[in-house]
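Here's the structure we're looking at; comments come further down.
The values are calculated or read from the model by the stated rules, or taken from the named source; none is laboratory data. Small disclaimer: the values here were computed from a predicted structure and weren't measured. Cβ placement follows ideal geometry from the backbone for every residue including glycine, while neighbour counts extend to all protein chains displayed. Surface areas here come from the heavy atoms of the whole protein model, side chains and all, with no ligands, DNA or RNA. Shrake-Rupley method; radii C 1.70, N 1.55, O 1.52, S 1.80 Å.
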Amino acid sequence: AQAQDEAIKAGTPFKVLIANDRNDAGQAAAIANALVQAPNVVGVIGHGTSTTTLAAAPVYQQGQLPMISPTSTTTELATVPREGGNFVFRVIPSDQFTGTTLARHMLTLGKTKPIVFYNSQSSYSKSLQDAFSTTLGLEGGQVAKLVDLSQGNPTAELQGSGADANVLLPDSATFDAAIAVAQLNNGQLPVLAGDAFYRIDALEKGGASLTGTIVTVPWHPLKSTPPFAQTSSGLWGGDVNWRTALSYDAFQALSSAR
């Protein structure tokens, strides 16, 4: 909305159509098919998660409708076939960068044997875990225990793990399970988490159990290049997060190619 307002003031107005895929892969593919067939749609900003982006990307690619995802980080997106040109893009680093950064930072803290919680059914969570675990193994550490948040009772895995750190890499479907792990841990082990934890729900549900948690994110207002952070804060009445900032970037990329 901020970028659209700026485009209108600059004399190059954009009409924005909002579609809700409900974080459902089937709905995302259906929306993609509808947009590809709409002659007045010139590009797509989305989809919101790695799961829905992966479902929709082949449709946009085949229909030659440019899609720029601001928030899809899975490394699987790079494997989408791109015959006939590339129509699938993103403005956010992949999980390879995020997982590597998180692992290296943990090692600087002197922690080398984490217990890692993730969702094996999520492309995002799985690719983030793969990047983290691979980097950790290559640079002197080792995962003490790998726990699937979508199976069994993840909190029970904390006992006897022999870990020296707690790494939480859930997706939205397993976020509450990860919060339960943090609450049971209750500060006993240092907690590191993926960007899914950068949300108000983490503070509301996790409370004091997340004190000192280290979260890796691709953008933060304190590290933003002016004037975006200041302008957005004035417009929305407070700091925006990385999802908003990268959605703004995706709009800029799309409008520059108009």
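What the table below lists for this structure:
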quantity	calculated
Square roots of 5 times each gyration tensor eigenvalue, C-alpha, the chain, largest first, Å	35, 21, 16
The chain - accessible surface per residue (Å², probe 1.4 Å)	50 Å²
L189, L138, L168, ranked by accessible area, largest first (probe 1.4 Å)	L138, L189, L168
Debye log10 I(q)/I(0) for segment 80-132, one point scatterer per Cα, at q = 0.30 Å⁻¹	-1.15
Exposure rule at most 13 other beta-carbon atoms within 10 Å, DSSP loop GluC sites (Glu not before Pro): the chain longest free segment	140-258
For segment 121-239, alpha-carbon Rg and Dmax in angstrom	16.0, 49
Separation of alpha-carbon centers, segment 39-69 and segment 95-167, rounded to whole Å	31 Å
Whole-Hz ³J(HN,Hα) from phi, Karplus 6.51 cos²θ - 1.76 cosθ + 1.60, for segment 228-242, glycine and proline x	4, 4, 5, 5, 5, 5, x, 6, 9, x, x, 5, 9, 9, 5
By accessible area with a 1.4 Å probe, ligands and nucleic acids excluded, highest first: order of K223, K145	K223, K145
Segment 1-135: Rg to Rh, with Rh as the Kirkwood radius over Cα pairs	1.07
With every protein chain in place, the chain: carbon and sulfur % of accessible area (1.4 Å)	53 percent
Cα pair distances of segment 63-108 binned at 10 Å [whole percent]	24, 42, 22, 9, 2
Lys pairs, the chain - Cα-Cα below 24 angstrom, 8 or more residues apart or on other chains	6
Ranked order, K205, K15, K9 - accessible area, probe 1.4 Å, largest first	K15, K9, K205
Charged-residue dipole, Cβ positions (Lys, Arg, Asp, Glu), the chain about Cα centre, Debye nearest 20	340 debye
